[in-house]
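Just below is one structure, and these are the notes that go with it.
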Amino acid sequence: MKKLTALLAAFLFITTFSAFAFPAEKVKEEIVLALKEDFNPTSAISWQFENEHYVATFQEKSVKMVVAYDEAGELIAAAKYVSFASLPTSIKLAINKRYTDATISSSVIELLNAGSTSYFVTVVHKNKLLKVEATPGGYLSVVEKKKI
(Lines give C-alpha, C1' and ligand atoms only; values in the text may rest on other atoms or scores of the structure.)
Protein backbone atom coordinates (compact mmCIF):
# COMPACT_ATOMS: atom_id res chain seq x y z
CA MET A 1 0.00 0.00 0.00
CA LYS A 2 2.89 2.38 0.71
CA LYS A 3 4.05 2.04 -2.92
CA LEU A 4 0.54 2.80 -4.15
CA THR A 5 0.26 5.86 -1.90
CA ALA A 6 3.56 7.19 -3.20
CA LEU A 7 2.53 6.39 -6.77
CA LEU A 8 -0.73 8.33 -6.51
CA ALA A 9 0.95 11.30 -4.86
CA ALA A 10 3.64 11.34 -7.57
CA PHE A 11 1.06 11.22 -10.37
CA LEU A 12 -0.61 14.32 -8.99
CA PHE A 13 2.61 16.24 -9.58
CA ILE A 14 3.09 15.05 -13.17
CA THR A 15 1.56 17.36 -15.74
CA THR A 16 1.79 15.19 -18.86
CA PHE A 17 0.98 11.54 -19.06
CA SER A 18 1.11 10.93 -22.80
CA ALA A 19 4.56 9.33 -22.69
CA PHE A 20 3.34 6.85 -20.07
CA ALA A 21 -0.22 6.35 -21.28
CA PHE A 22 -1.75 2.89 -21.18
CA PRO A 23 -4.15 2.36 -24.12
CA ALA A 24 -7.74 2.86 -22.92
CA GLU A 25 -8.92 -0.07 -25.05
CA LYS A 26 -6.74 -2.40 -22.93
CA VAL A 27 -8.46 -1.37 -19.69
CA LYS A 28 -10.96 -3.99 -18.55
CA GLU A 29 -14.58 -2.98 -19.10
CA GLU A 30 -15.51 -3.56 -15.43
CA ILE A 31 -12.81 -1.10 -14.37
CA VAL A 32 -14.03 1.59 -16.78
CA LEU A 33 -17.60 1.05 -15.56
CA ALA A 34 -16.49 1.18 -11.90
CA LEU A 35 -14.70 4.48 -12.50
CA LYS A 36 -17.75 6.03 -14.15
CA GLU A 37 -19.96 4.75 -11.32
CA ASP A 38 -17.64 5.97 -8.53
CA PHE A 39 -16.75 9.34 -10.07
CA ASN A 40 -18.00 11.79 -12.65
CA PRO A 41 -15.05 12.40 -14.98
CA THR A 42 -15.47 15.72 -16.78
CA SER A 43 -12.37 15.34 -18.93
CA ALA A 44 -10.57 12.68 -20.92
CA ILE A 45 -9.26 9.81 -18.80
CA SER A 46 -5.59 8.92 -18.97
CA TRP A 47 -4.77 5.35 -17.91
CA GLN A 48 -1.62 3.79 -16.47
CA PHE A 49 -0.94 0.23 -15.38
CA GLU A 50 1.44 0.20 -12.40
CA ASN A 51 2.12 -2.42 -9.72
CA GLU A 52 -0.84 -4.53 -10.87
CA HIS A 53 -3.22 -1.58 -10.53
CA TYR A 54 -5.07 0.44 -13.12
CA VAL A 55 -4.44 4.13 -12.41
CA ALA A 56 -6.72 6.74 -13.98
CA THR A 57 -6.09 10.48 -14.11
CA PHE A 58 -8.92 12.86 -14.97
CA GLN A 59 -10.75 16.03 -13.97
CA GLU A 60 -13.88 15.96 -11.85
CA LYS A 61 -15.58 19.35 -11.46
CA SER A 62 -12.28 21.14 -12.31
CA VAL A 63 -10.36 19.09 -9.71
CA LYS A 64 -7.52 16.83 -10.83
CA MET A 65 -8.11 13.26 -9.61
CA VAL A 66 -5.89 10.18 -9.60
CA VAL A 67 -7.55 6.87 -8.70
CA ALA A 68 -6.37 3.26 -8.60
CA TYR A 69 -8.36 0.08 -9.15
CA ASP A 70 -7.35 -3.54 -8.76
CA GLU A 71 -7.87 -6.17 -11.45
CA ALA A 72 -11.39 -6.90 -10.14
CA GLY A 73 -12.49 -3.28 -10.49
CA GLU A 74 -12.37 -2.47 -6.76
CA LEU A 75 -11.31 1.06 -5.85
CA ILE A 76 -8.00 0.88 -3.99
CA ALA A 77 -7.15 4.56 -3.53
CA ALA A 78 -8.10 8.03 -4.73
CA ALA A 79 -6.18 11.29 -4.52
CA LYS A 80 -7.00 14.89 -5.34
CA TYR A 81 -5.89 18.43 -4.61
CA VAL A 82 -7.80 20.42 -2.01
CA SER A 83 -7.12 23.80 -0.47
CA PHE A 84 -5.58 24.21 2.97
CA ALA A 85 -8.59 26.35 3.89
CA SER A 86 -10.94 23.41 3.22
CA LEU A 87 -9.15 21.03 5.62
CA PRO A 88 -10.84 19.86 8.81
CA THR A 89 -10.40 22.39 11.61
CA SER A 90 -8.44 19.86 13.71
CA ILE A 91 -5.76 19.63 11.01
CA LYS A 92 -5.50 23.38 10.45
CA LEU A 93 -5.16 23.97 14.19
CA ALA A 94 -2.53 21.23 14.61
CA ILE A 95 -0.41 22.47 11.69
CA ASN A 96 -0.67 26.14 12.64
CA LYS A 97 0.25 25.30 16.26
CA ARG A 98 3.24 23.10 15.39
CA TYR A 99 4.58 25.24 12.53
CA THR A 100 3.91 28.78 13.78
CA ASP A 101 6.67 30.49 11.80
CA ALA A 102 6.46 28.31 8.68
CA THR A 103 5.22 28.80 5.15
CA ILE A 104 2.35 26.39 4.52
CA SER A 105 1.30 25.46 1.00
CA SER A 106 -2.23 26.46 0.09
CA SER A 107 -2.58 23.25 -1.98
CA VAL A 108 -2.91 19.92 -0.19
CA ILE A 109 -3.25 16.33 -1.42
CA GLU A 110 -6.23 14.44 -0.01
CA LEU A 111 -5.73 10.67 -0.19
CA LEU A 112 -8.41 8.05 0.39
CA ASN A 113 -6.68 4.71 0.94
CA ALA A 114 -8.05 1.53 2.53
CA GLY A 115 -11.13 3.37 3.74
CA SER A 116 -9.30 6.14 5.58
CA THR A 117 -8.44 9.67 4.54
CA SER A 118 -5.07 11.37 4.97
CA TYR A 119 -3.91 14.81 3.91
CA PHE A 120 -0.40 15.66 2.71
CA VAL A 121 0.66 19.24 3.40
CA THR A 122 3.90 20.85 2.22
CA VAL A 123 5.52 23.04 4.86
CA VAL A 124 8.70 25.14 4.66
CA HIS A 125 10.09 25.38 8.18
CA LYS A 126 13.59 26.38 9.35
CA ASN A 127 15.32 25.80 5.99
CA LYS A 128 13.58 22.45 5.50
CA LEU A 129 10.90 21.36 3.09
CA LEU A 130 8.57 18.99 4.93
CA LYS A 131 5.81 16.76 3.64
CA VAL A 132 3.47 16.32 6.56
CA GLU A 133 0.79 13.65 6.67
CA ALA A 134 -2.28 14.64 8.69
CA THR A 135 -5.23 12.56 9.78
CA PRO A 136 -8.73 14.02 10.17
CA GLY A 137 -8.23 13.89 13.96
CA GLY A 138 -5.25 16.25 13.73
CA TYR A 139 -2.43 13.73 14.17
CA LEU A 140 0.65 14.93 12.25
CA SER A 141 3.59 12.91 10.94
CA VAL A 142 6.53 14.10 8.82
CA VAL A 143 6.83 11.64 5.93
CA GLU A 144 9.56 13.44 3.98
CA LYS A 145 12.18 16.02 4.92
CA LYS A 146 14.60 17.90 2.63
CA LYS A 147 17.10 20.66 3.33
CA ILE A 148 16.66 23.75 1.19
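The values are calculated or read from the model by the stated rules, or taken from the named source; none is laboratory data. As the structure is a computational prediction, the values presented were derived from the model and not from experiment. For the accessible areas, the whole protein counts, side chains as well, though only heavy atoms, and no ligand, DNA or RNA atoms are used. Shrake-Rupley method; radii C 1.70, N 1.55, O 1.52, S 1.80 Å.
Only lysines eight or more places from residue 28 in sequence, or on another chain, were considered; those with a Cα closer than 18 Å are 36. With the convex hull of the Cα atoms taken as the outline of the chain, the averaged projected area works out to 9.3 nm².
Spatial offset of segment 91-118 relative to segment 31-49 amounts to 27 Å, using the alpha carbon center of each. Of 75, 140, the order by accessible heavy-atom surface (1.4 Å probe, DNA, RNA and ligands excluded), from most exposed downward, is 75, 140. Straight-line cross-link reach from residue 126 at under 18 Å between alpha-carbon atoms covers these aspartates and glutamates, not counting any fewer than eight positions away in the same chain: 101, 144.
For the options 79, 34, 56, a Gaussian network treatment of the chain with springs between C-alpha atoms closer than 10 Å singles out 34 as fluctuating the most. Computed extension gain for residue 148 through residue 103, at 0.36 nm per residue and net of the alpha carbon distance, reaches 14.9 nm. Comparing 54, 99, 81 in a Gaussian network model of the chain (Cα springs below 10 Å), the most mobile by mean-square fluctuation is 99. Hey, could you get me the Stokes-Einstein D for segment 96-143, Kirkwood radius over alpha-carbon pairs, 20 °C and 1.002 mPa s, rounded to whole µm² s⁻¹? The Stokes-Einstein estimate is 191 µm²/s. The alpha-carbon of residue 131 sits under 23 angstrom from the alpha-carbons of these lysines, leaving out residues fewer than 8 places away in its chain: 2, 3, 64, 80, 92, 97, 145, 146, 147.
When the residues 110, 144, 74 are ordered by accessible surface, computed with a 1.4 Å probe over the protein chains alone, the sequence from largest down reads 74, 144, 110.
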